[in-house]
Amino acid sequence: MDALTKLISEAPNNEIIKKSIITTYQKLQEHDSILCSISGGSDSDIIMDLCQKIPGAEKIDYAFFDTGLEFKATKEHLLYLEKKYGITIHRAKAIKPIPICCKEFGQPFLSKQVSEWISRLQRHNFKWEDKSLEELEAEYPNCRAALRWWCDDFDDTSNGISSYNISYNQYLKEFLMKYPPDFLISNKCCHYAKKKVASDYKRHGKFDMNMYGVRKAEGGARKGAYKNCFSTKKGKADEYRPIFWYRSEDKKEYEDYYDVVHSRCYSEYCLKRTGCAGCPYARNFEEELEAMRVFEPALYKAVNNVFGKSYEYTRKYRKFVEEQKKKDKRKKK
Ligand code: SF4
């Protein structure tokens, strides 16, 4: 019996899982130098387990991109994975760790896109005023895209308000006018602590395939960027997302069947996902903060130093939204 037939015969009775084994097997045979980003999260645990079962896994370079604000539990988990599979996970340090980026450029607030627009307006000493686009363009030259966001000037999509318009975030304009930010906002930490580190690593490694833990069933912007589990771009490394088609139930079945152990961020802290510790973009950053306060007090202190202004401002915005909604409801009655 060849290796693939054996793997399939021993796999759980789940077509999505079996298909992922077959496709991963093929992709590992077809490529010579493969990069697999490991985050220490539950999706990357499954990918590593899947790959390590397959002949050709020795061609994989596992890399962890250390942003400078990581859970101790994640770092411990990386050591556990190395021991379990007898592999090495390369730790790639941020070009500028998150704390330095936030000090230098500003703190992330609400989302990557919102932070970008606000940061551009801040660079132009914008006064958060409610004027027409024409008037604002005359007052703040060379800032057109951010002013279009502020004035809701982008065309809406068939699904509703364009995410390029400020009204995509309810009452954000009213909030910014009433409480202009008194600290610098920026999305630069994503660039220097994550994106650029990964792209430099890829360039130096000369990989012919990159693997990521993106799932279609997962919410957020990332899954919307891909249509399939595999994509090619001329002159660039192929991209493969081994568990792209896994739904939550397939993940659970895989974990139970193959006995995949996740980091303490899940088992003890009860977090639903991990990533940069305490990122203010996370809807549930309060839950994360509470977990840190209890289990990793030093990290709790650190993230509050780094993102404190953004947390305060986000809380104020969320409260403002609730109050506005109530006011609107009362008006309708
Ligand atoms: S995910 Fe959040 S904390 Fe992490 S680099 Fe991006 S903005 Fe910064």
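The values are calculated or read from the model by the stated rules, or taken from the named source; none is laboratory data. Please read all numbers here as calculations on a predicted model, not as lab measurements. Cβ coordinates were reconstructed from backbone atoms using ideal geometry, including for glycine residues, and neighbour counts include every protein chain displayed. Just so you know, the surface numbers come from the protein's heavy atoms only, side chains and all, with ligands and any DNA or RNA stripped out. Shrake-Rupley method; radii C 1.70, N 1.55, O 1.52, S 1.80 Å.
The table below lists the values:
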{"read-out": "³J(HN,Hα) computed for each position of the stretch 126-143 - Karplus, 6.51 cos²θ - 1.76 cosθ + 1.60, integer Hz, glycine/proline x", "value": "4, 9, 6, 10, 9, 10, 6, 4, 4, 4, 5, 5, 5, 7, 10, x, 6, 9"}
{"read-out": "Alpha-carbon radius of gyration plus Dmax, which is the widest Cα pair, for the stretch 186-333 in Å", "value": "19.6, 63"}
{"read-out": "In Å, descending, principal axis extents of the Cα set of the chain", "value": "73, 48, 46"}
{"read-out": "Average accessible surface area per residue within the stretch 110-180, 1.4 Å rolling probe, Å²", "value": "56"}
{"read-out": "Expected 222 nm ellipticity per residue - DSSP helices of 4 or more, -39500 (n - 2.57), all of the chain, to 500", "value": "-15000 deg cm²/dmol"}
{"read-out": "Added length on full extension, which subtracts the Cα-Cα distance from 0.36 nm per residue, LYS234 to ASN159", "value": "23.9 nm"}
{"read-out": "The stretch 14-171: C-alpha pair distances exceeding 25 Å, %", "value": "56"}
{"read-out": "Mean separation of Cα contacts under 8 Å (6+ apart) over length of the stretch 265-333, as relative contact order %", "value": "24"}
{"read-out": "Under 23 Å from LYS309, Cα to Cα: lysines that are on another chain or at least 8 residues apart", "value": "LYS96, LYS103, LYS112, LYS127, LYS173, LYS178, LYS188, LYS194, LYS301, LYS319"}
{"read-out": "No Cys partner within the rule (Cβ under 4.7 Å), the chain", "value": "CYS36, CYS51, CYS102, CYS143, CYS151, CYS190, CYS229, CYS265, CYS270"}
{"read-out": "Peptide ranges 55-65, 253-263 listed from the most packed, as the mean C-beta count within 10 angstrom indicates", "value": "55-65, 253-263"}
{"read-out": "Carbon + sulfur, % of accessible area of the chain - ligands and nucleic acids excluded, 1.4 Å", "value": "51"}
{"read-out": "Extreme residue, positive dipole direction of the stretch 21-88, given options LEU81, GLY56, SER39 (C-beta unit charges)", "value": "LEU81"}
{"read-out": "Rough spin-label spacing in nm, given labels placed 7 Å along Cα→Cβ, for GLU174 and ASN284", "value": "2.9"}
{"read-out": "The stretch 91-224: equivalent-ellipsoid semi-axes (sqrt of 5 x gyration tensor eigenvalues, Cα, Å)", "value": "31, 20, 13"}
{"read-out": "Where N is the number of residues in the stretch 110-180, Cα Rg divided by 2.2 N^0.38 Å", "value": "1.03"}
{"read-out": "Built amide H within the under 5 Å cut-off of MET209, gap 5+", "value": "SER33, LEU35, ASP238"}
{"read-out": "Derived scalar couplings ³J(HN,Hα) [the stretch 226-243; Karplus, 6.51 cos²θ - 1.76 cosθ + 1.60; whole Hz; x for Gly, Pro]", "value": "10, 9, 9, 7, 9, 9, 10, 9, 4, x, 10, 5, 5, 10, 10, 10, x, 10"}
{"read-out": "Compactness of the stretch 1-68, expressed as Rg and Dmax over alpha-carbon positions, Å", "value": "12.9, 47"}
{"read-out": "Violating pairs (Cα-Cα greater than 21 angstrom) within the set LYS27/LYS227; LYS195/LYS233; LYS75/LYS272; LYS27/LYS84; LYS202/LYS236", "value": "LYS27/LYS84"}
{"read-out": "Relative packing of peptides 135-143, 206-214, 319-327 - highest average C-beta neighbours within 10 Å first", "value": "206-214, 135-143, 319-327"}
{"read-out": "Amide hydrogen neighbours beyond the local backbone of PHE64, cut-off 5 Å, H modeled", "value": "ILE38, HIS90, ARG91, ALA92"}
